[in-house]
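Input: a single structure, listed below in structure tokens.
The values are calculated or read from the model by the stated rules, or taken from the named source; none is laboratory data. This one's a predicted model, so the numbers in the text were calculated from it and none came from an experiment. A quick note on method: Cβ atoms are made from the backbone with ideal geometry, for glycine too, and the neighbour counts reach across all protein chains shown.
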Amino acid sequence: MRVLTGFSIVAELGEMIYAHTAVSQALTTPGIADLNKHIFDSSWDCIGKMPAYLKSLEYKNPDQPENTLSHYTTGTDFFAYLRNDPARLVRFNSAMKGAGGILASPIPTPILEAAGAAVGPAGVVMVDVGGGIGQVTEKAMEAHPAIKGRFLVQDLGKIIDEARAKKPTFEVMDYDFFTEQPVKGAGIYFMRRVMHDFPDSKCREILRNQVSAMTAGTSRLLVCETVLPATGCSGFESLADISRTTFSSMQRTEQQWRVLLESVGLKVVKIWSAVAGPFGVIESVLA
Ligand SMILES: C[S@@+](CC[C@H](N)C(=O)[O-])C[C@H]1O[C@@H](n2cnc3c(N)ncnc32)[C@H](O)[C@@H]1O
């Protein structure tokens with residue numbers, strides 16, 4: 001309890017008398033609790049090995065997709081590591097839902113409405129690429145019941161099985177984003193917290209697979225991610241950035257996002273900022 005009171009997670013009212021704070025209350029909600037367990041169990045080994053890993057790279061920025069901190073620690077990439085352990089995977093999915101609750105940056109209403117109008121009731125309004133068990137799509141559909149078109153969530157194997165088991169109102173599809181996007185001409189290709197798991201070279205592969213499915217004039221690609229300030233990052237943002245070492249990746253500044261998206265033939269039309277914090281939605285179209 002000394003640790004919890006020392007870090008103001010729990011309030012100490014007197015000797016051996018404790019009370020909840022807003023932080024400890026939040027930690028009791030299932031998704032946030034699972035996010036912490038995910039960090040302290042599944043990610044902790046990687047964090048512990050970081051100094052030795054960085055030394056092995058002679059302190060160069062990690063950018064090799066086949067030699068990430070996860071490979072160094074677990075022998076494989078982080079998602080394969082999770083998929084190989086059903087209990088960790090279930091907890092990870094719950095954690096992503098929980099983190100979504102904190103960081104939710106909803107898809108901007110004007111974009112969803114424009115997508116619905118462009119594709120019509122039989123068309124695909126939105127494809128949530130690497131969408132987990134559909135945590136964002138679910139919220140988008142709930143918030144916009146008047147939009148009648150199709151909503152699709154794509155992810156891999158067991159995650160898609162878990163999404164399907166919920167008998168969702170959206171469609172689910174097993175799709176590896178390192179292969180050609182099979183859904184053509186959707187209104188929105190949406191990716192939240194996907195790019196931050198990959199170095200630029202891999203992001204370009206993922207993006208090109210989506211770009212080739214987009215229709216000029218109607219399709220938009222939305223990247224929902226942290227947009228770091230060019231200077232003055234907070235401690236939280238900096239820690240989130242260095243934790244990307246697990247994937248040889250990084251959090252990106254606005255300029256880094258623009259360079260990345262423009263390198264695959266996209267044009268950034270707007271960056272929708274979150275109400276609080278650095279999370280934003282980067283809207284782009286075919287250049
Ligand atoms: C950090 S999670 C984000 C999930 C969701 N977009 C969200 O924001 O809550 C990244 C997702 O990408 C998926 N993923 C990883 N590699 C993939 C691949 N090659 N093809 C499709 N999905 C993949 C993971 O299974 C995971 O659900």
| task | Those residues that are modelled with pLDDT of 90 or more, crowded, with 19+ Cβ neighbours inside 10 Å and among the small types (Gly, Ala, Ser), I need them from segment 71-102; list them, please. | result | none
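Kindly establish whether Leu261 is touching a residue at least 40 places away in the same chain (Cβ under 8 Å), part of a helix (DSSP H, G or I) and closer than 26 Å to Gly149 by Cβ.
It is true that Leu261 is touching a residue at least 40 places away in the same chain (Cβ under 8 Å), part of a helix (DSSP H, G or I) and closer than 26 Å to Gly149 by Cβ.
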| Pick from segment 173-189 the residues that are surrounded by 20 or more Cβ atoms within 10 Å (Cβ to Cβ), more than 9 Å from the ligand (Cβ to nearest atom) and of a type in the set (A, V, I, L, M, F, W, C): which of them is farthest from Gly280 (Cα to Cα)? | Ala186
| request: Just give me the residues in segment 4-41 being part of a helix (DSSP H, G or I), among the aliphatic types (A, V, I, L, M) and either at pLDDT 95 or above or over 26 Å from Gln135 (Cβ atoms) (or both), in sequence order. | output: Leu4
| task | Give segment 209-240 a look and list any residue that's under 20 Å from Ile271 (Cα atoms), at pLDDT 90 or above and assigned to a helix (DSSP H, G or I), or say none. | result | Gln210, Val211
| task | Go through segment 138-172 residue by residue and tally those that are modelled with pLDDT of 95 or more and within 10 Å of the ligand (Cβ to nearest atom). | result | 3
| query | Out of Arg252, Arg192, Arg204, Arg208, which single residue is crowded, with 20+ Cβ neighbours inside 10 Å, closer than 27 Å to Val172 by Cα and among the charged types (D, E, K, R)? | reply | Arg192
